[in-house]
Amino acid sequence: MKTLLADDHPLMREGVRQVLVQLEPQVEIIDAHDYPSLFAQTAAHADLDLALVDLNMPGFVGMQGIVQFRSRFPDIPLVVLSASESPHDIQSALEAGALGYIPKAAPTAVMLAALRQVLAGDIYVPNCLGSSNGLHASAPADFATLQHSGLTARQLEVARLLAQGSANKAIAGMLDMSESTVKVHIAAIFRVFGVTNRTEAVLAIQRLIQSP
């Protein structure tokens, strides 16, 4: 696994490096210390499996760096590492295209689980945004409002599991359908909500079911 680790604090990079070794002993880690070096290293290593990026580094303020990264490198999975646990920052990062948001205060076990979840194709949302266990995207129990969204009954079932952070394979197993059928339903969900990826779909579903 080839991972780019971007943080302007060397001690933080060293700590995360120890976590990444637990995730994959043969991990290759590329360091960056600010947004210019992040962009340069990413351009030089097109085969990256993952980018772990500090939210606030020299070069860009706030969410601008994340937006720029997603614009320049849309195919590289991005996970934000940040000292901030602000729900606004978390949701903004996910809406900008991050596949996960890990607070720097998170225990090693949580960070490992979060990274495994993202590498498996899911989205990681920390419990400070409302997730019950920190390992899945938050999803309130009441999905009644989804029934008025225009989704079919089968699409509603897929949407519920999608909002809980389930991967396509898991959804297929739970609903007794093929993964290709799950993909068809997810594509339909994207069209209904006017979104283009899983992160946007989960956030759209959450906004709908949390609305008064």
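No lab work stands behind these numbers, since they all come straight from the coordinates. Source: prediction; values computed, not measured. Here the Cβ positions follow ideal geometry from the backbone for every residue, glycine too, while neighbour counts run over all protein chains shown.
For the chain, taking Cα atoms only, Rg and Dmax work out to 17.3, 51 Å respectively.
I need the shape label for the stretch 144-210. Rule: rounded when a/c is under 1.5, else prolate if a/b > b/c, else oblate, with a, b, c from the alpha carbon gyration tensor.
Prolate, because a/c is 1.5 or more and a/b exceeds b/c.
Seen from Ile102, the other residues with C-beta closer than 15 Å to its C-beta sum to a net charge of -1, counting Lys and Arg as +1 and Asp and Glu as -1. Here the contact order of the chain, divided by its residue count and restricted to Cα pairs under 8 Å and six or more residues apart, works out to 14 percent.
With contributions of -39500 (n - 2.57) from each DSSP H run of at least four residues, the per-residue ellipticity at 222 nm computed over the chain stands at -14500 deg cm²/dmol. Candidates Gln164, Leu99, Met63 compared by Cα position along the dipole of the chain: farthest toward the positive end lies Gln164, with charges placed on Cβ. Under a model in which nothing but the beta-carbon of Lys, Arg (+1) and Asp, Glu (-1) is charged, the chain shows a dipole of about 520 debye around its Cα centre. Ranking Gly121, Ser82, Gln18 by Cα position along the charge dipole of the chain, where only Lys, Arg, Asp and Glu carry charges on their C-beta atoms, puts Gly121 farthest toward the positive end.
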